[in-house]
Amino acid sequence: MKRKKSMVLDDNENKAVQLFSELGMPKNLAKTLLYISQVDECRSADVEQGADLRQPEVSVAMQELRRRGWAKKRDEKKKGKGRPVHLYKLTADLPSILKSFEKEKMQEVENIRTDLDQLHNIITSFEKL
């Protein structure tokens, strides 16, 4: 069950952040993703506190999550005057997001293999000269 109150990333979630980061995902993005995955909906201020990030870091991460189609934003008007509050929610569950991330990384591996094969062919042709 997803938590509704403000929370902090636990050891398991921090380990997931570390692994995402080692696989090339910016740490701020991973922290934001893991935090949002544990709540139904949240404000960026909740992410700042729960994921131990600064406001600009959360803002950049939220933009990237939305760009990838992994999160959406809705505005909620406050009573009276003032700016609306931005609320964020994942558009897919964490396993689906992981599958998408895995596909992206496997494509990178395939591109590296192709580049290495081409490099081997070029270097081999130098030796024949």
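The values are calculated or read from the model by the stated rules, or taken from the named source; none is laboratory data. If you're wondering where the values come from, they're calculated on a predicted model, not measured in any experiment. Cβ sites come from the backbone with ideal geometry, for glycine too, and all protein chains shown count toward neighbours.
So here's what we get for this one:
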{"read-out": "Any hit, region 95-113, residues being under 16 Å from Val17 (Cβ atoms) and either in contact with an Asp or Glu (Cβ under 6 Å, 6 or more places away or on another chain) or not in a helix (DSSP H, G or I) (or both)", "value": "no"}
{"read-out": "Conditions (1) farther than 17 Å from Ser100 by Cα; (2) modelled with pLDDT under 95; number of the one not met by Ala16", "value": "(1)"}
{"read-out": "Every pair of residues 6+ apart whose Cβ atoms lie under 8 Å, when the first sits in region 100-120 and is within 17 Å of Arg67 (Cα to Cα) while the second is surrounded by 11 or more Cβ atoms within 10 Å (Cβ to Cβ) and basic (Lys, Arg)", "value": "Ser100/Arg68"}
{"read-out": "Selection status of Leu94, surrounded by 10 or more Cβ atoms within 10 Å (Cβ to Cβ) and touching a helix residue (DSSP H, G or I) at 6+ places or on another chain (Cβ under 7 Å)", "value": "yes"}
{"read-out": "Filtered residues of region 114-129 (kept if part of a helix (DSSP H, G or I) and of a type in the set (A, V, I, L, M))", "value": "Leu116, Leu119, Ile122, Ile123"}
{"read-out": "Residue selected from region 65-91 under the condition surrounded by 14 or more Cβ atoms within 10 Å (Cβ to Cβ) and aliphatic (A, V, I, L, M), by the criterion nearest to Arg43 (Cα to Cα)", "value": "Leu87"}
